[in-house]
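Everything below concerns the one structure shown next.
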Amino acid sequence: MNDIISDIQKKTAEVVHSLYGVAVDPEAVICSATRKEFEGDYTVMIFPFVKSAKKSPPQTAAEIGERLITGLPDAASFSVIQGFLNITLKDAFWVRFLYKALKTPVYGQERPNGEKVMIEFSSPNTNKPLHLGHIRNILLGWSCAKILEAAGYEVIKTKVVNDRGIAICKSMLAWKLFGSGKTPVSEHIKGDHFVGDYYVMFEQKFQTEYKEWQKTNIGAGVFEHKKNKELPEDPFFKEYKNTYFNEYSLLGAQARELLLKWEAGEPETLGLWKTMNGWVYEGFDKTYEALGVSFDHKYYESDTYSLGKNLIMDGLKRGVFYQKPDQSVWIDLTAEKLDHKVVLRSDGTSVYITQDIGMAHLRDEQYGAKRVAYVVADEQNYHFQVLFAILKRLGEPYADGLFHLSYGMVELPSGKMKSREGTVVDADDLMEEVIAEAGEETKSRGEIESLSEERRAAITRNIGMGALKYQMIKVTPQKKMVFDPKESVALQGNTGPYIQYPFVRIRGVVQQAAKDGLDVDKEIVDYALQKQERDLLQLIYQYPKLIEEAAAAYDPSIIANFCYELAKSYNKFWHDLSIFNAETTDARIFRLQLSQTTGKVLEHGMGLLGIDMPEKM
């Protein structure tokens, strides 16, 4: 399908060269959809050519417009607003476009371009369930993958499971001390929730131990000393908590001992670790299934945490890194304004970034993706700046294609969450709550009460999950957001159900047309557009370009907000113009085709966000 914007750019460049003798790169011509308050389909910015024309902006625009209209077969007229040239296309252009879009099997889908992109997302810890923040991470990663696939890329979806470390040992220790042999099956609890409860239990027991320790002579002496240094008087202040864990806590000593046993490969510890992680994985899989996501490859920190050591030692020989007298290995990134960063401890053990260096190299060997996006919260911005700088210094061939999809944290109206204190909103609980809210909203309208219980449940789930996913994705990733379950299922405003509703309406229209025997395959040739029809067509025409834009920026909110604008435009079309009572048969068929194409694009666009459309609402 030809791109009218490219045609306008090329012809504008030709006209400027012809009129003023100035060579212009067509891609440098600024052309965009005309703003709604002005007449026209596309607007060309004329200001860059005013100096060469030696005329005022309106005069220059008028002069270029006259030539442009005669040279563009699809152009009908133009108007000038100061230094902007607004071009109106012939109705025939839009009528032809609609039929082509209608007959395109998957409008918006590009052909494979032969390039690979890897998206790393989710990356959970195995000491607790997936929570509200994970939902935004997972949905951003999944929708980015779908959008990139639509843009023609081969996408590899991966996750790194953080399955080792002191946090995992805390859950293991709590179960050993207080679990009494209980299992998720015996307690009828989902595996990740079961293990997460013991992580919370460890923290509760730790706090109790800590408060008791304060009453001892050593504890009292430490706190008196700290108060004199004007630190907070809260007996559980965070400034001293880690020191207590590492130097005084009996629970802390046991957890550290468990970690050492794991690293030494002690059979009993490894057995417990595998068992508890297995419980968590079963739970994770159920959550991923409920969210409708999957992965092409899963990596485990326990398998990969030492991979970067060889790369670092090789880099040390090449002068990329330097070694301190205590044998720790560092890199000087002051040239990148990132300070000095340790990459190996003095005892030779790895730090977190060591693993990431090795992981990046391993995945390049396995998949050869020249673009890799890490979906990780903005708390880790500095970490990824350092990682990318190190990989460039090492000369890794994919280093220029690395991207950190940094996203803002999610809060509920009630405020922030804290996993150690058990105040996190679990992903499973949140999904159930939103589906329940959708059920209440649907029940209040009474439109699906006559359906079977199974169909009602499926529709309610579609609406609820659509509401949840859309609300998470519609916000630009870099922004923090507040998620309100009740607000997300509203049928008015920028919500998932608002977009799903016109799709359901269009399904009904298409079904009615089939009953009436209308020939919706007929190609309409001569048709005078109404403004509402033109507005819809302009939006639909933009869709493939927006997919490219969203793929390049790793920003699914572009597609989400396009779907909202398209739904809003269709609702106005529906309200203002009749379909079945249109003046002529051709008008009825054209509006049916426009409705059908709008429905296809809405379904495809929402599908890129991982959202299914319901059959009824």
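Brief remarks follow.
- Where both bridge residues fall in the chain, DSSP classifies roughly 50% of the beta bridges as antiparallel.
- Size of electric dipole in the chain: Cβ of Lys, Arg +1 and of Asp, Glu -1, about Cα centre, debye, nearest 20: 680
- Straightening the chain between Ala490 and Ala33 buys 161.5 nm, computed as 0.36 nm per residue apart minus the Cα-Cα spacing.
- Which labelled figure in (i) 23.9, 74; (ii) 29.9, 94; (iii) 24.8, 80 is Rg and Dmax of the Cα atoms in Å, once derived from the coordinates: (ii)
- The residues neighbouring Trp574, those whose beta-carbon lies less than 12 Å from its own, together hold a net charge of +2 under the Lys/Arg +1, Asp/Glu -1 convention.
- Cα centroid separation, region 317-358 to region 95-125 (Å): 41
- Beta-bridge orientation, region 361-515: approximately 10 percent antiparallel, per DSSP, counting only bridges with both partners inside.
- Cα-based helix-to-principal-axis angle, 352-367 vs the chain, degrees rounded to 10: 50
- Förster-model FRET efficiency, 45 Å R0, Asp429 and Asn310, C-beta, rounded to 0.05: 0.55
- The Cα atoms of region 460-617 give a gyration tensor whose axes a ≥ b ≥ c have a/c of 1.5 or more with a/b greater than b/c, which makes the shape prolate.
- Mean residue ellipticity at 222 nm, helices only, the chain: -18500 deg cm²/dmol; runs of at least 4 DSSP H residues each add -39,500 (n - 2.57), and the sum is divided by the number of residues.
- Rounded accessible area per residue of region 1-151, 1.4 Å, Å²: 45
- Helix 4-20 vs. the chain, principal-axis angle (Cα, 0 to 90°, nearest 10): 70
- Anisotropy class of region 240-346 from Cα gyration tensor, a/c 1.5 cut: oblate
- Between Ala457 and Ile69, full extension at 0.36 nm per residue minus the direct alpha carbon distance yields a gain of 134.1 nm.
- Separation of the Thr349 and Gln512 label points, Cα + 7 Å toward Cβ, nm: 7.0
The values are calculated or read from the model by the stated rules, or taken from the named source; none is laboratory data. Values in this document were obtained by computation on a predicted structure and should not be read as measured data. Quick reminder, even Gly has a Cβ in these numbers, built from the backbone with ideal geometry, and neighbours come from all protein chains shown. When the accessible area is computed, the model is the full protein with side chains, heavy atoms only, and any ligands, DNA or RNA have been set aside. Shrake-Rupley method; radii C 1.70, N 1.55, O 1.52, S 1.80 Å.
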